[in-house]
Each structure stands twice: as C-alpha cells, then as structure tokens.
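The structure appears right after this line, and notes come after that.
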Amino acid sequence: MTVTPLHLPGLKVVLINLPRSRERRETMQQRLKALGLAYTLFAAVEGRAEQARLFEQVDVPAFQRNVGRDVLPGEIGCYFSHITVWQQFVDSGEDVLLVLEDDVVFGLDFIDALREALRVRAHWDFLKLNKIRAKQPISQGRVGPYRLNAYLGTATGFGAYLVQRETAQRLLPAMLPITRPIDHELDRIHVHRLRHFGLEPFPSQVRDDNQSTITGQAFNAVKKYAWHARLPLYRLRWRNFWGRCFYLLNTGRLLPRNTPL
C-alpha cells in the first residue's frame, strides 16, 4: 500500500547531505520514510572541493581568534549549505523551515513535537529539536509535554531545527563574512536579537557513531591551539555569556516560566 507523505501546512522540510555520503543519505531516507514526512534533498556544499571560492568569504584571523584553532574546510561547506538552504526557503514563500542534517535519529514523538512547535510558532524565532550542547536552560513555558527553553549557557548543534521565514530573511545579510562555525554564530542571541530556543525533552538526537564528515573520526581533524594562544577565545566566551545574560534579562526571559503556551 502506498503511503502519502505527510505535509504540514506552511512547513518546508530540507535534508542536507553530501552527495558522496551515500550511506548516510540512504539511512536518512529510510528514517524519513518511516516517519512519513515529505522533504526535499539538498546536495551539501563540499568545502574542500570549493575551498578557494568559499574561503573568500571567511575572515580567517577572526575565525582563529574566535574558535582557537584553524578553519576546517568541511565546516565552511556546512556553513554555506545552511545559509543557501535559508535563501532558497526565503525565496519559496513558505512560513517555516525544518532543516535536517544526515545524522539525525528521530524519537517516536517527533511528529507530535513538530506539530506542537508549529502551534506555538509565535513564541520563537529559531527552535532546536536536538543539540550538541544546551547548557543552563531557562524555561519559557510549557508546550504540551515539552518545555520551550532559552539558554544562558552555550547552545550549539544544527542537526534538526526550525526557523521562521522572517528570521532567516533577517539573519542572512549578517551571516557573512564567516567568523565562527554557524551554530556558534547563532548562539550569539544578544547580537542577532534572537529568540533562539530548544524544545525539550528533545524529540531527536544526533548520532554519527563518532565519525563526522567535518571533524573526522573522533574529532581527529580538530587541532586546538596551545592554551596561551586561546586566551582571546576564553575572553570571548565570557563576553558572550554576559551578553546572553543581559539580553535575556532585558527581554524578560531570564526568569523561568512554567505556564502553558
């Protein structure tokens, strides 16, 4: 029996996958088929193959200062993949974009969580459905069985997220030149004036079996600078922490709320 894929009104779903990562693509296609969710496949930008062109848009000294290591071609390809998907989404006229990377495992509640997130879309600009880090959550209210959380600490990871059309349109001009990984850029909520939240418990998770197309096996492509060369990074982390703190305070989001939305 043929099953009609699920389309949620106003929602565009995009799966980002490197063309050479065939096994990941086939696995995600199986997972999405089981989920019953209609989607579009986006051929990710190959950072190493297009390094000369892409690095014209990278402020390398700023990146090294902000991250404490050299730039990885794969993360620049990842950055351009996401902002290209955003631009296509803005041009499409859809209301909300769900972006999925190719190492996402869905919980049994994923579609329910997605419906709940769309129901309260007036309360967020950018909403994470999984994470790498999500530190010091501050509840902004209950969404069915979930909490809509802001984060005083670091909130990174772009495995599965929702973004509003107006938000993507506003963010795009500020995304270049590249000065840090894209999830670190969006963690600067005080700079972008962003309601950057997570839906917890997260209805999906990232699972790459410690083998990343960006950072390599067990992060072996990541070579951090010596501690003394990373001092600017440590200062930046404190500035970002206090920037998030004052932004959440000034927008009335620093104190937790437990009211239903």
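Details
- Those residues of region 91-108 which are of a type in the set (D, E, K, R) and in contact with a strand residue (DSSP E or B) (Cβ under 9 Å, 6 or more places away or on another chain), in sequence order: 94, 95, 101, 102, 103
- Where a residue in region 199-228 is closer than 20 Å to residue 68 by Cα and its partner, wherever it lies, is of a type in the set (Asp, Glu) and at pLDDT 70 or above, with Cβ under 7 Å and at least six apart: 214/75; 223/70
- The strands (runs of 3 or more DSSP E) located wholly in region 1-117 that include 1 or more residues which are among the small types (Gly, Ala, Ser) occupy 40-43.
- In region 160-178, the residues that are closer than 20 Å to residue 75 by Cβ form Cβ pairs under 7 Å with partners that are at pLDDT 95 or above and basic (Lys, Arg), at six or more places apart or across chains, as follows: 161/128.
- The residues listed here are 139, 81; of these, the one that is surrounded by 21 or more Cβ atoms within 10 Å (Cβ to Cβ), at negative phi, hydroxyl-bearing (Ser, Thr, Tyr) and out of contact with any helix residue (DSSP H, G or I) (no Cβ under 6 Å at 6 or more places or on another chain) is 81.
- Of all residues in region 105-120, exactly one satisfies the criterion of being buried (at least 22 other Cβ atoms within 10 Å of the Cβ) and touching a helix residue (DSSP H, G or I) at 6+ places or on another chain (Cβ under 9 Å), namely 106.
- Only listed residue being surrounded by 11 or more Cβ atoms within 10 Å (Cβ to Cβ), aliphatic (A, V, I, L, M) and modelled with pLDDT under 95, chosen from 261, 233: 233
Every residue, every condition in (1) surrounded by 15 or more Cβ atoms within 10 Å (Cβ to Cβ); (2) at pLDDT 95 or above; (3) over 21 Å from the mean Cα position of the chain (by Cα), yes or no:
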{"site": "196", "(1), (2), (3)": "yes, yes, no"}
{"site": "215", "(1), (2), (3)": "yes, no, no"}
{"site": "222", "(1), (2), (3)": "yes, no, no"}
{"site": "238", "(1), (2), (3)": "no, yes, yes"}
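- Taking the listed residues 254, 176, the one that is assigned to a loop (DSSP other than H, G, I, E, B), modelled with pLDDT of 95 or more and within 24 Å of residue 70 (Cβ to Cβ) is 176, with no other qualifying.
- For region 52-63, taking the residues that are touching a residue at least 40 places away in the same chain (Cβ under 8 Å) and not small (Gly, Ala, Ser), the one that is surrounded by the most Cβ atoms within 10 Å (Cβ to Cβ) is identified as 63.
- Positions within region 70-91 being of a type outside the set (A, V, I, L, M, F, W, C) and either in contact with a Leu (Cβ under 9 Å, 6 or more places away or on another chain) or within 21 Å of residue 28 (Cβ to Cβ) (or both), in sequence order: 73, 74, 75, 77, 79, 81, 82, 84, 87, 88
The values are calculated or read from the model by the stated rules, or taken from the named source; none is laboratory data. Keep in mind that this is a model prediction, so the values were computed, not measured. A quick note on method: Cβ atoms are made from the backbone with ideal geometry, for glycine too, and the neighbour counts reach across all protein chains shown.
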